[in-house]
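S.K.: Provided herewith is a single structure, encoded as structure tokens, for subsequent inquiry.
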Amino acid sequence: MTILSDITACEMEILHWVLAGYTNKAIAAEVFISEKTVEFHLDHIYTKIGARTRRMAGIWVMHHGLEIETREIPS
């Protein structure tokens with residue numbers, strides 16, 4: 001079972017962007033990493049929390065009582 005301390009700070013940041021509705025490409029631009037690196041982090045996040053989709057990750061976050069700040073999606 002995954003606990004919050006298993007999620008790294010970088011993975012948590014990526015998770016926040018994902019749950020705010022950003023695409024992998026938009027996340028990469030925001031945090032100055034490649035889109036492949038975003039995919040790499042998402043694969044690790046999904047493996048750690050037992051999710052297969054962004055929606056499942058969102059449910060995991062809500063289940064664990066995490067607060068996700070709202071961010072404006074770039075146009």
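The values are calculated or read from the model by the stated rules, or taken from the named source; none is laboratory data. If you're wondering where the values come from, they're calculated on a predicted model, not measured in any experiment. Here Cβ is always computed from backbone atoms with ideal geometry, including for glycine, and neighbour counts include all displayed protein chains.
S.K.: Does ILE14 count as touching a residue at least 40 places away in the same chain (Cβ under 8 Å), of a type outside the set (Lys, Arg) and surrounded by 19 or more Cβ atoms within 10 Å (Cβ to Cβ)?
M.R.: no
S.K.: Moving on to the next point. Name the single residue that is modelled with the lowest pLDDT among those in the range 6-18 being part of a helix (DSSP H, G or I) and touching a helix residue (DSSP H, G or I) at 6+ places or on another chain (Cβ under 8 Å).
M.R.: ASP6
S.K.: Could I ask something else about it? Would you pick out the residues in the range 24-50 that are at pLDDT below 95 and not in a helix (DSSP H, G or I)?
M.R.: The one that is at pLDDT below 95 and not in a helix (DSSP H, G or I): GLY50.
S.K.: For the range 31-42, which residues satisfy the criterion of being buried (at least 16 other Cβ atoms within 10 Å of the Cβ) and either touching a residue at least 24 places away in the same chain (Cβ under 8 Å) or within 17 Å of MET56 (Cβ to Cβ) (or both)?
M.R.: Within the range 31-42, VAL38, HIS41, LEU42 qualify.
S.K.: Checking GLY21 against (1) at pLDDT below 95; (2) closer than 19 Å to LEU4 by Cα, only one condition comes out false. Which one?
M.R.: (2)
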